[in-house]
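Dropping the structure in here first, questions after.
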Amino acid sequence: NGEHFGICPWRAQILQGMLGSSILGFHTRQHCNNFLDSVDRYLEARIDREQNAVVQHGRATLVRPYPISIEWPSQWVASAPSVAECRSGVRKELGLRDDALLGLGVDRLDYTKGIEERLLAVERFLERFPTYAGRFSFVQMAAPSRTLIERYRQLDETVERTTARINQRFGEGAYQPIVLLRSHHEPPQVYRYYRA
């Protein structure tokens, strides 16, 4: 919102840069409203609330919500195995015990997704509750993203190193507390993991 955005010393430059686009998409209508309020507060521009647009120097930038999320109910529910079958199959694929507890993250391998922080949270969890070591595994389905950009390659290496370090620290035998699946996964497979 405009109040929080006000602490950013480059707010005018960021807003002006964004307004170089002909259309801006945000996740929710509220996020659109927050953007419009910020522009209204910090720039000289006309806000057209009926058209959800910012008009500046005779040029309009449309502001629209484009919600994104997991489709629910999933179209894969009709063809997916039962929860018990999914759970059993995933545990078997990953070499987990029948009573294993499973956590799941599904994201692009992107530094904005908090994947590294998530792995560190698993580590902290196992430090605080060592009785879960050997029983709890966190699966991170991480689709590679922007692999030609150095920052993304660095993230990939960091996630790999962090996973290896945590697995070495808490793993035992075939058990790994973190299972990193770095590839694109088709929706039916992702849904199967969610059901598990």
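With 135, 118, 124 as the choices, which residue is within 19 Å of residue 171 (Cβ to Cβ), within 14 Å of the chain's Cα centre (by Cα) and without any contact (Cβ under 8 Å) to a residue 60 or more places away in the chain?
Of the residues listed, the single one that is within 19 Å of residue 171 (Cβ to Cβ), within 14 Å of the chain's Cα centre (by Cα) and without any contact (Cβ under 8 Å) to a residue 60 or more places away in the chain is 118.
Which numbered condition trips up residue 38, out of (1) open to solvent by less than 40 Å² (accessible area, probe 1.4 Å); (2) more than 29 Å from residue 183 (Cα to Cα); (3) touching a strand residue (DSSP E or B) at 6+ places or on another chain (Cβ under 9 Å)?
Condition not satisfied by residue 38: (3).
Something else about it: What number of residues within the range 52-91 satisfy the criterion of being among the polar types (S, T, N, Q) and open to solvent by 100 Å² or more (accessible area, probe 1.4 Å)?
Within the range 52-91, residues that are among the polar types (S, T, N, Q) and open to solvent by 100 Å² or more (accessible area, probe 1.4 Å) number 2.
List pairs: first residue in the range 1-25 and closer than 19 Å to residue 57 by Cβ and open to solvent by less than 80 Å² (accessible area, probe 1.4 Å), second residue among the charged types (D, E, K, R) and in a strand (DSSP E or B) anywhere in the structure, Cβ distance under 7 angstrom, at least six positions apart or on different chains.
23/64
All but one of (1) farther than 30 Å from residue 176 by Cα; (2) assigned to a loop (DSSP other than H, G, I, E, B); (3) not basic (Lys, Arg) hold for residue 4, so report the exception by its number.
Every condition holds for residue 4 apart from (2).
Right, another one. Being in contact with a strand residue (DSSP E or B) (Cβ under 8 Å, 6 or more places away or on another chain) and either over 12 Å from residue 140 (Cβ atoms) or without any contact (Cβ under 8 Å) to a residue 40 or more places away in the chain (or both) is the filter here, so list the residues in the range 98-113 that pass it.
Let us first name the residues in the range 98-113 that are in contact with a strand residue (DSSP E or B) (Cβ under 8 Å, 6 or more places away or on another chain), namely 100-109, 113.
Passing the criteria: 100, 101, 103, 105, 107, 108, 113.
The values are calculated or read from the model by the stated rules, or taken from the named source; none is laboratory data. These figures come from a predicted structure and were not determined experimentally. Using ideal geometry, Cβ is built from the backbone for each residue, glycine included, and neighbour counts are taken over all protein chains shown. Side chains are part of the model used for accessible areas, which takes the heavy atoms of the whole protein and leaves out ligands, DNA and RNA. Shrake-Rupley method; radii C 1.70, N 1.55, O 1.52, S 1.80 Å.
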